[in-house]
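Q: Let me give you the structure first, and then I'll get to my questions.
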Amino acid sequence: WYCGWDEMAPFWKELVPLMPRPENDEEEQHVIPHVLIAGMGNDPTPVYLFDEGYTNMTAFDYSRAGVERAKELFGPRCSVDGVTVLEADACDLHAIETASVDATLDKGTLDAIFITDTSNFRQAVRELTRVTRPEGGIVVCISNVVYESDLLQTFESDMWENIHDGSLAFAPDGEATIDLGADLYSWRRTGKAWTG
């Protein structure tokens, strides 16, 4: 799906940094954000994300085969507390609590939904909004199918601040979004609570 972890990592780490824990907390070295992987399927990127320290993760796919493949990719990491792999539909994430996700990675799931039904695409964005923490939660979307205007308008509301709009962008060390094989979009929640 578009790019691997090496190409995406500089942008992800800038948007979703692992923050050092307060000095009085000796159990963990970093504050671990709850990461949601939208439509994992056979993409190994979440495994690399886990190995980089993003160990509080929920990955889902609508397909049973996608879930089984994800479990194979994670291997023994699935038995570690903090990794959950679910069979779920992006349009109905009832298994995920409201405002419980710090950051979502979407690499093509919204593209696949958009191709099949634009109303389902809008519903999937509503569900991502619902599950994302209102105070600073992030959605990172690697897309090559959804029209820029549709993507920006669907996320455009008083609940989202756009960070990357699909145009060329550079990470702090000079890496360019042109290496992603698709366009980079990202948003941060504004603080307004989900009202459903």
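Q: Are there any pairs, at least 6 apart or on different chains, whose C-beta atoms fall under 8 Å, with the first in region 15-26 and over 11 Å from GLY53 (Cα atoms) and modelled with pLDDT of 60 or more and the second small (Gly, Ala, Ser) and open to solvent by less than 100 Å² (accessible area, probe 1.4 Å), and if so, which?
A: Short answer, once both residue conditions are applied: LEU15/ALA103; LEU15/SER186; VAL16/ALA103.
Q: Another question, then. Give, as residue ranges, the strands (runs of 3 or more DSSP E) completely inside region 134-196 that count at least 2 residues that are in contact with a Lys or Arg (Cβ under 9 Å, 6 or more places away or on another chain) and under 22 Å from THR98 (Cα atoms). Step through it out loud before you land on a result.
A: On the way: elements: 135-143, 160-165, 183-190.
Because the criterion is at least 2 residues that are in contact with a Lys or Arg (Cβ under 9 Å, 6 or more places away or on another chain) and under 22 Å from THR98 (Cα atoms), the strands (runs of 3 or more DSSP E) in region 134-196 that meet it are 135-143, 160-165.
Q: Restricting to region 127-152, what's the tally of residues that are within 14 Å of ARG188 (Cα to Cα) and open to solvent by 60 Å² or more (accessible area, probe 1.4 Å)?
A: 2
Q: Taking only region 75-113 into account, find how many residues are in a helix (DSSP H, G or I) and crowded, with 21+ Cβ neighbours inside 10 Å.
A: Kept after step one, since they are in a helix (DSSP H, G or I), are these residues of region 75-113: 75-79, 109-113.
Checking which are crowded, with 21+ Cβ neighbours inside 10 Å leaves us with 109-111, 113.
Residues flagged as in a helix (DSSP H, G or I) and crowded, with 21+ Cβ neighbours inside 10 Å within region 75-113 amount to 4.
Q: Among the residues of region 45-55, what is the count of those that are closer than 15 Å to PRO10 by Cα and either open to solvent by less than 10 Å² (accessible area, probe 1.4 Å) or not in a helix (DSSP H, G or I) (or both)?
A: Residues meeting the conditions: 6.
Q: Collect the residues in region 56-72 that are under 18 Å from VAL35 (Cβ atoms) and surrounded by fewer than 20 Cβ atoms within 10 Å (Cβ to Cβ), keeping them in residue-number order.
A: Let us first name the residues in region 56-72 that are under 18 Å from VAL35 (Cβ atoms), namely 56-61, 66-67, 70-71.
If the condition is that a residue be under 18 Å from VAL35 (Cβ atoms) and surrounded by fewer than 20 Cβ atoms within 10 Å (Cβ to Cβ), then ASN56, GLY66, VAL67, LYS71 are the ones that fit.
Q: Moving on to the next point. Would you pick out the residues in region 168-189 that are over 18 Å from LEU105 (Cα atoms) and in contact (Cβ under 8 Å) with a residue 12 or more places away in the chain?
A: Selection gives PRO172, ASP173, GLU175.
Q: Residues being under 20 Å from GLY137 (Cβ atoms), crowded, with 20+ Cβ neighbours inside 10 Å and not polar (S, T, N, Q): count how many of those fall in region 167-196.
A: Summing the residues that are under 20 Å from GLY137 (Cβ atoms), crowded, with 20+ Cβ neighbours inside 10 Å and not polar (S, T, N, Q) in region 167-196 gives 4.
Q: Among the residues of region 27-44, are any surrounded by 20 or more Cβ atoms within 10 Å (Cβ to Cβ), touching a Lys or Arg at 6+ places or on another chain (Cβ under 7 Å) and among the aliphatic types (A, V, I, L, M)?
A: Within region 27-44 (the criterion being surrounded by 20 or more Cβ atoms within 10 Å (Cβ to Cβ), touching a Lys or Arg at 6+ places or on another chain (Cβ under 7 Å) and among the aliphatic types (A, V, I, L, M)), the answer is no, since none of the residues qualifies.
Q: Right, here's the next one. Does PHE155 satisfy being modelled with pLDDT under 95, open to solvent by less than 10 Å² (accessible area, probe 1.4 Å) and more than 16 Å from GLU14 (Cα to Cα)? It would help to see each step written out before you state the result.
A: Working: modelled with pLDDT under 95: yes; open to solvent by less than 10 Å² (accessible area, probe 1.4 Å): yes; more than 16 Å from GLU14 (Cα to Cα): yes.
Considered against the rule, which asks whether it is modelled with pLDDT under 95, open to solvent by less than 10 Å² (accessible area, probe 1.4 Å) and more than 16 Å from GLU14 (Cα to Cα), PHE155 comes out as yes.
The values are calculated or read from the model by the stated rules, or taken from the named source; none is laboratory data. Just so it is clear, the structure is predicted and the values come from calculations on it, not from any experiment. Using ideal geometry, Cβ is built from the backbone for each residue, glycine included, and neighbour counts are taken over all protein chains shown. Surface areas here come from the heavy atoms of the whole protein model, side chains and all, with no ligands, DNA or RNA. Shrake-Rupley method; radii C 1.70, N 1.55, O 1.52, S 1.80 Å.
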